[in-house]
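The values are calculated or read from the model by the stated rules, or taken from the named source; none is laboratory data. Everything numeric here is computed off the predicted structure, so don't read it as measured data. So basically every Cβ, Gly included, is an ideal-geometry build from the backbone, and we count neighbours across all protein chains shown. Side chains included, ligands, DNA and RNA excluded: accessible areas come from the protein's heavy atoms. Shrake-Rupley method; radii C 1.70, N 1.55, O 1.52, S 1.80 Å.
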Protein chains: 2
Amino acid sequence: MRCYNFNGGPGALPQSVLERVAEEILDWRGTGMSVMEASHRSKEVGAMCEETQGQVKSLLGLGPEWAVVFCQGGASLQFAMLPLNFAGPGGVCDYVNTGLWATKAYDEAKVCGAAAHLAATSEAEAFTYIPSSFDFSERPAYVYLCANNTVRGTRWPSFPKNAPGPLVGDFSSEFMARRHDLTDFGLAFAGAQKNVGPAGLTVVMVRKDFAESGKKGLPHMLDYRTYVKNDSMYNTPPVFSIYVANLIFKWIEDAGGLSEIEARNEAKAKKLYGFIDQSGGFYRGTARVDSRSPMNVTFRLADENLEKPFLEGAKKEGMVGLGGHRSVGGVRASLYNAVGLDAVDCLTSYMKAFMDKNG
Amino acid sequence: MRCYNFNGGPGALPQSVLERVAEEILDWRGTGMSVMEASHRSKEVGAMCEETQGQVKSLLGLGPEWAVVFCQGGASLQFAMLPLNFAGPGGVCDYVNTGLWATKAYDEAKVCGAAAHLAATSEAEAFTYIPSSFDFSERPAYVYLCANNTVRGTRWPSFPKNAPGPLVGDFSSEFMARRHDLTDFGLAFAGAQKNVGPAGLTVVMVRKDFAESGKKGLPHMLDYRTYVKNDSMYNTPPVFSIYVANLIFKWIEDAGGLSEIEARNEAKAKKLYGFIDQSGGFYRGTARVDSRSPMNVTFRLADENLEKPFLEGAKKEGMVGLGGHRSVGGVRASLYNAVGLDAVDCLTSYMKAFMDKNG
């Protein structure tokens, strides 16, 4: 019996994709072996990886000036790779702090010796909104932002225009959940484990000239050029995770592409936020309305003592992963691509019943 | 139809494990979700990871002074992490060069600014043997070795005694293929994609005091302490790969543990090397007899022009991955744990028939 999975990530994946993985686990693409057993240098894996890079480019409308590469180590390794590659010791780079993950990226830049500068922060208001005015440095190596904050349930309505350096950013929790405007970006990365696959894969989209401009002399696995030049085959990439991502990108294409996915996600979010807003204060969204994330709907109960029974009751009814991030508590419903409208219906029904009983 | 998979890695995995993965792909351990969809902070994943660490310790007989942690980035990232953590800029560290992967580790140490010193190398004889005399530095931060060379088909018969620093090493291609004597080691790592799972997981065994002795101020994801202190949960670990490794460790336990696995591997290797040695020179092993690897049996045909038809014919009969590493050519049969004696029988039958026809 499958549950309704509202995990913040790793999170829900499309059931049809999981079934496909199971079906071909002993014999993938007629090779007589599992994709896990196939050499990364085989023509089948090579073709699959190339296909996957093409899917990313096609879904996001990226031109030939972009490279799509497969890293490991999650966003946390990107937090170090970015300043190491582009700022270097003493190099100026700007950060917009919208919460936990942006804070970690900013702190890591300092660990790496960069002169990281806070161009804006919403910390004083508990990261409940996305800043819209910025104090940029004069010539930063880049301007860092986190596209969607899973912890506080905020996301950038649109990205800064005319920033004094290329934007770079963490798209982990809304990657492939809507169309992304990467026009002003030099690099965008995403841990796979929210919308596009199992943990262990970081998809990095980087403009080739930006990658090329990086500092020299870095360890190979920390230098973006290594991935671009070797087409992510400098060493063994996380083949299985790429394979699942490939199936999920296909699932997105079959669904009608990112416009359709975005429309579905907006509909799910509208339903849940709408219910919260009409609950007469029994439920209260934590993010400012203009900064609300369609991916991670964070809310509290007016009576916070009711949150524990609320979460326990939800779990009993097959709804898993609704607890807020351990750093903030409360409730969080993550509505990633594979979470259907039926899951949201189930949740709002439960929320209504809970309110009727306790309101 | 499953093939006989002699890939050098990623390579063959036990069929029963793959079947188990397929069986529980929609509902893992009664959670109502795939292991790929489960939060790494859930009690189920936490328990599974802890169990897996326990399996490694138990199979290898490691005491409480050891930590088992889960990294990403493969051996190639370890090549950088070792000098960054333990040598630092200008720090002396010793390397024994037994081939491609040891060379890469040695070169990376220099990239990281360490004063890497070659304590021994078999390069002059095409890496056909494992050195037994060493020119160690006086007080190296560590002595690096590669336990098994997949490219040249050599492996250490026993490790150096009385080295002037802790041994550290790359066990990727014979990890869990025999009992390992880690007495003199400070750290041993292994990419999972040979004997224990899908690519994307690096199992690192590190003595806690050694990890603690590392340089300060490193990026978090490059500091072994981050993994030890957070029990590999600083960020999302590669959960699916850990899960498959867990099932494979169980498969090893059920088979009777590493003594039994080692005996099986020795039997397979003995059969194949025996056949090669009795072929009257038609086939010729490339590694010196005292340094032969039971994992990767490398050989040439006396008439090298016959190698291409040999490999093509083998593939037609369902034997895949027999080409030598792209840097050396020839033939390589990788006999990882999941490659059965039946695969070796099939191969030697084919080799006999090929010799009868072409000899």
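The table below gives the values:
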| quantity | calculated |
| --- | --- |
| Label distances, nm, B:A47 versus same residue in remaining copies, Cβ-directed 7 Å point | 4.3 |
| Number of partner chain Cβ atoms within 10 Å, mean per residue of B:139-150 | 0 |
| Helix-only [θ]222 nm of chain A, DSSP H runs n ≥ 4, -39500 (n - 2.57) each, per residue, nearest 500 | -11000 deg cm²/dmol |
| Candidate lysines - alpha carbon under 16 Å from B:K208, same-chain residues fewer than 8 apart omitted | B:K57, B:K216, B:K229 |
| Relative contact order of chain B, pairs being alpha-carbon contacts under 8 Å that are 6 or more residues apart, as % | 22 |
| Positive-end extreme of charge dipole, chain B - chosen from B:P166, B:N296, B:L187 (charges on Cβ) | B:N296 |
| Accessible solvent surface per residue of the stretch B:15-255, calculated while the other protein chains remain in place, 1.4 angstrom probe, Å² | 32 |
| Per-residue ³J(HN,Hα) for the stretch B:219-226, Karplus 6.51 cos²θ - 1.76 cosθ + 1.60, θ = phi - 60°, Hz, x for Gly and Pro | x, 3, 6, 9, 9, 4, 4, 4 |
| Span-like helix ranges in chain B, DSSP H, alpha carbon extent 18 angstrom or more, Kyte mean at least -0.5 | B:43-60, B:239-255, B:341-358 |
| Highest-first arrangement of B:220-228, A:286-294, where packing means the average Cβ count within 10 Å | B:220-228, A:286-294 |
| Per-residue average of Cβ from other chains inside 10 Å of B:192-200 | 6 |
| For the stretch A:273-359: relative contact order, % (alpha-carbon pairs under 8 angstrom, 6 or more apart) | 26 |
| Most positive-pole-ward Cα, B:A126, A:T31, B:G32, against dipole of the protein assembly as shown from beta carbon charges | B:A126 |
| Amide H contacts under 5 Å for B:M295, placed H, 5+ residues apart | none |
| Only Lys, Arg (+1) and Asp, Glu (-1) charged, at Cβ; the stretch B:15-255 dipole about Cα centre in debye | 320 |
| Per-residue mean of C-beta atoms belonging to partner chains within 10 Å, peptide A:19-29 | 4 |
| Net dipole in debye of the stretch B:58-185 [+1 Lys, Arg Cβ; -1 Asp, Glu Cβ; about Cα centre; nearest 20] | 200 |
| Cβ-based net charge around B:G63, under 13 Å, with every Lys or Arg adding one and every Asp or Glu removing one | +1 |
| Inter-copy spacing of B:N162 label points, which lie 7 Å from Cα along Cα→Cβ, given in nm from shortest upward | 7.5 |
| Other-copy label distances relative to A:E138, 7 angstrom Cα-Cβ extension, nm | 4.9 |
| Under-5 Å amide H pairs with B:T286, H placed in peptide plane, nonlocal only | B:T298, B:F299, B:R300 |
| Given charges at beta-carbon only (K, R positive; D, E negative), |dipole| of the stretch B:257-358 in Debye | 200 |
| Centroid-to-centroid separation of the stretch A:315-359 and the stretch A:198-257 [C-alpha atoms, Å] | 33 |
